[in-house]
Structure formats: C-alpha cells, structure tokens
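Quick notes on the structure that follows.
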Amino acid sequence: MTNRVGKTQRYNIWESAIAVILALSGAYMVWQGLEYGFGSLRRMGPGFFPVTVGAALIILALGIAFETRSSTASNPNLPWRPLIAIAVGLGAFATFINLLGAIPATFMLIFVSMIGDRSVSWKTRLITAAGIAVLGFLFFGIAFRLPISAFWW
C-alpha cells in the first residue's frame, strides 16, 4: 500500500502495541480511580486525578492508533540485553527484599541490571552494587526510618 507521497506503508506493530498498552493502562487507572470519590472541579476527590490521567492516556492511545494508519516509521531496534537485565534485576529485588533484606536485594538489583551494559567490568559492577546497596539502606532505612531490615537476621 502506498500513501500520497509515494512511500510504502506497512502495519507498524510497535506503535500499535504502545497504543494498546497505553489504552489498557488508562482504562485500569479510570477503573481503579472510580472506586474513590471523584468529587467536582471545585472540590476534587481522591479519584479525580487517576480518572483524569487515565482518560488522558486513553485519548493519547487513540491518537497513536489513528496515527499508525499513516505511519512510515520503521520498527525500532530495541536493545534487548539491557531491557531483560533491568527486568530480571527488578524481579530479583521484588523477590528477595523480604527474604534477604534491603542490602542484598538492592545489591542484586544493581548488579543484575548492570549486566545489560557490556562495557562495565565485573569489578565495577560489584563495587557499584555494594556501594548503592549500603547507601540506599542508610538513606531509606536509617535517614527516612522506613521499616525495612538491612539483612534477613
């Protein structure tokens, strides 16, 4: 299929996927926000902000979906290694924060996420992960007094 300019059009799956993700996220925000009091413009309730942001996301998603009909953009070349490393690091943190404590879980988050960058040495990963884990606990656990334990014991 060609457009008016003569460029070949093709279905852009990435833009369509983003539109669907934004629409679903917006719908979820609206659905959850409606469980709180919406209020009015003069006296906004706790559900006003999530509902309006969710509605804005849905409108944005519709705009993106409409734009994909005439898109000539090529599919992006995603950097899979960093994306997977960060996702696995976040999963490790969520899994081990209650089992091992804040310092080991934060260490795993930083160390595993840094595997996504091939230019960083193992020594740098270890030092950076240890430093951020300790500083993170000092900052959040001690300075802000969040109820998190440093280690499992």
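The values are calculated or read from the model by the stated rules, or taken from the named source; none is laboratory data. Please read all numbers here as calculations on a predicted model, not as lab measurements. Glycine gets a Cβ as well: all are built from the backbone with ideal geometry, and neighbour counts include every protein chain shown. All accessible areas refer to the heavy atoms of the entire protein, side chains included, with ligands and DNA or RNA removed. Shrake-Rupley method; radii C 1.70, N 1.55, O 1.52, S 1.80 Å.
Phe140 versus (1) within 22 Å of the chain's Cα centre (by Cα); (2) at pLDDT 95 or above: which is the lone unmet condition?
Among (1) within 22 Å of the chain's Cα centre (by Cα); (2) at pLDDT 95 or above, Phe140 violates only (2).
Any idea which of Ala150, Ala73 is outside any helix (DSSP H, G or I), under 30 Å from Glu15 (Cα atoms) and over 18 Å from the mean Cα position of the chain (by Cα)?
Of Ala150, Ala73, the one residue that is outside any helix (DSSP H, G or I), under 30 Å from Glu15 (Cα atoms) and over 18 Å from the mean Cα position of the chain (by Cα) is Ala73.
Mind checking whether some residue in the range 101-111 is assigned by TED's automatic domain parsing to the domain that holds Ile21 and either touching a residue at least 60 places away in the same chain (Cβ under 8 Å) or under 20 Å from the mean Cα position of the chain (by Cα) (or both)?
Checking the range 101-111: not a single residue is assigned by TED's automatic domain parsing to the domain that holds Ile21 and either touching a residue at least 60 places away in the same chain (Cβ under 8 Å) or under 20 Å from the mean Cα position of the chain (by Cα) (or both).
How about the range 76-93: which of its residues are open to solvent by less than 70 Å² (accessible area, probe 1.4 Å) and not aromatic (Phe, Trp, Tyr)?
Residues satisfying the conditions are Pro76, Leu78, Pro82, Ala85, Ala87, Gly89, Gly91, Ala92.
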